[in-house]
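A.B. asks: Encoded as structure tokens, here's the structure I'll be asking about.
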Amino acid sequence: MIFLYKLLRKILQVIINLIFIVQIALMIIVFLTAMYWFLNLLGFGVFDFVAPIAEAIVNFMHIFYDQEVAIGGVYFDGSLLLFDLIAICVVYFATKIKVNLFIYDDKILTAIKICEGRIEDEFNVGLQRDLKKHVSKWNNVGILVQFSAKNMLVDSFWGGDAEAGVQEKEEEAFKSFYASLKNISGCKFAKTGNKMVILCNDFNKIDNLLKYIDISINRIKVSMGKRRWRLNSYVAVDVYDDSTSFKKVYPILEKLLSLRINDEAICLGNFCMRYDLIQDSLYVPMLKGSYIIEEETDVWTLVKKN
């Protein structure tokens, strides 16, 4: 349909341009012949170069009109003047026709824009559908957790060894953390250095998993706080599909942890896209800022709904 509209609009534009050319040509002819006729009456031959055109017009007009007009006893051929009057009328009516054609052209242009809008909407719906289909394949979740312990009884004023017992407290935190989460079905756990990896192959469990991670970390922090130890937690989460190895995801999680954003689960935009497909989710992704991961990238934090 849009093709027919565009074709019709091109035809209208051609007609409008032809009418404009005809108008210009007629006005030039009218001016030249009128000046030729008038100056000849006065006996001036300035416009004699128009004589061939004037004679051709007179011969043409004689086909329809062949009478002489008498003015002051002088007879002259009025066919040239009649042609000029007819030409002016043609120019006038051509202007009216052009105005109507411009109105129709605007209507066709509006129809084209409506059709293009519909096509664009259908295209965007198709893109959203394809994107949703593609994103829904990101069903695997990778979470990286790191703890950092600090002895609150050690400071620059009272002194003490700030490193003493830190590793033991972090290990203790990991053991308590693992004990709280190990019974969650569909999850795998692995300790790598001072970090713990949690893998889950069912994205629909992400809310429960994040909730239990929050509960477990808060419980450990309260327990350690009673013994004058502060525990900082860093959590990064990402998604990937079955064709992607977690080895490609792990460096991204490490870079997210390196931002040292405490007490918040952080992620990238791809996780947010997948998370948006969950109905009645427990968390809201909120933009944290732009950071250098592999390049400048928006980083999001998962905030629990009230």
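The values are calculated or read from the model by the stated rules, or taken from the named source; none is laboratory data. As the structure is a computational prediction, the values presented were derived from the model and not from experiment. Note that each Cβ is placed from the backbone with ideal geometry, even for glycine, and that neighbours are counted across all protein chains shown. The protein model used for the area step is the full one, side chains on, heavy atoms only, and it has no ligands, DNA or RNA in it. Shrake-Rupley method; radii C 1.70, N 1.55, O 1.52, S 1.80 Å.
A.B. asks: Among Q279, F83, N201, which residue has its Cα furthest toward the positive end of the charge dipole of the chain, with +1 on Lys/Arg Cβ and -1 on Asp/Glu Cβ?
C.D. replies: Projecting each Cα onto the dipole axis, the largest value belongs to N201.
A.B. asks: Let me ask something else about it. How large is the dipole of region 181-306 about the Cα centre if only Lys and Arg carry +1 and Asp and Glu carry -1, each at its Cβ, rounded to the nearest 20 debye?
C.D. replies: Roughly 1060 debye for region 181-306.
A.B. asks: Next question, about the same structure. Based on DSSP, what percent of beta bridges with both residues in region 166-306 are antiparallel, to the nearest 5?
C.D. replies: Antiparallel bridges: around 90 percent, rounded to the nearest 5.
A.B. asks: Dipole magnitude of the chain about its Cα centre, charges +1 at Lys/Arg Cβ and -1 at Asp/Glu Cβ only, in debye to the nearest 20?
C.D. replies: The dipole magnitude comes to about 2340 debye.
A.B. asks: Mean separation of Cα pairs under 8 Å and 6+ residues apart, divided by the residue count of the chain: what relative contact order is that in percent?
C.D. replies: Here the relative contact order equals 15 percent.
A.B. asks: Specify which residue in the list N151, I108, Q128 is farthest towards the positive end of the charge dipole of the chain, using unit charges on the beta carbon of Lys, Arg (+1) and Asp, Glu (-1), about the Cα centre.
C.D. replies: Checked the options; the winner is N151.
A.B. asks: Suppose the chain between I15 and K304 were pulled fully straight at 0.36 nm per residue; how much longer would it get relative to their current alpha carbon spacing?
C.D. replies: The span from I15 to K304 would gain 97.5 nm if fully extended.
A.B. asks: Largest first, how would C267, C89, C187 line up by accessible area (1.4 Å probe)?
C.D. replies: C89, C187, C267
A.B. asks: Let me ask another. Accessible area of T301, 1.4 Å probe, to the nearest 10 Å²?
C.D. replies: 10 Å²
A.B. asks: Normalising by the residue count of region 94-236, find the relative contact order in percent from Cα pairs under 8 Å and 6+ residues apart.
C.D. replies: 32 percent
A.B. asks: Helix 246-257 against the longest principal axis of the chain: what's the angle in degrees, Cα atoms only, rounded to the nearest 10?
C.D. replies: Helix 246-257 sits at roughly 90 degrees to that axis.
A.B. asks: Let me ask something else about it. Tell me, what does the Kirkwood hydrodynamic radius of the chain come to in angstroms if you use every pair of distinct C-alpha atoms?
C.D. replies: For the chain, inverting the mean 1/r across all distinct Cα pairs yields 27.5 Å.
A.B. asks: If you line up the long axis of helix 79-135 against the longest principal axis of the chain, both from Cα atoms, how many degrees apart are they, to the nearest 10?
C.D. replies: 10 degrees
A.B. asks: How far apart, in nm, are the 7 Å Cα→Cβ label points at S243 and V222?
C.D. replies: Each label point lies 7 Å from its Cα, and together they span 4.6 nm.
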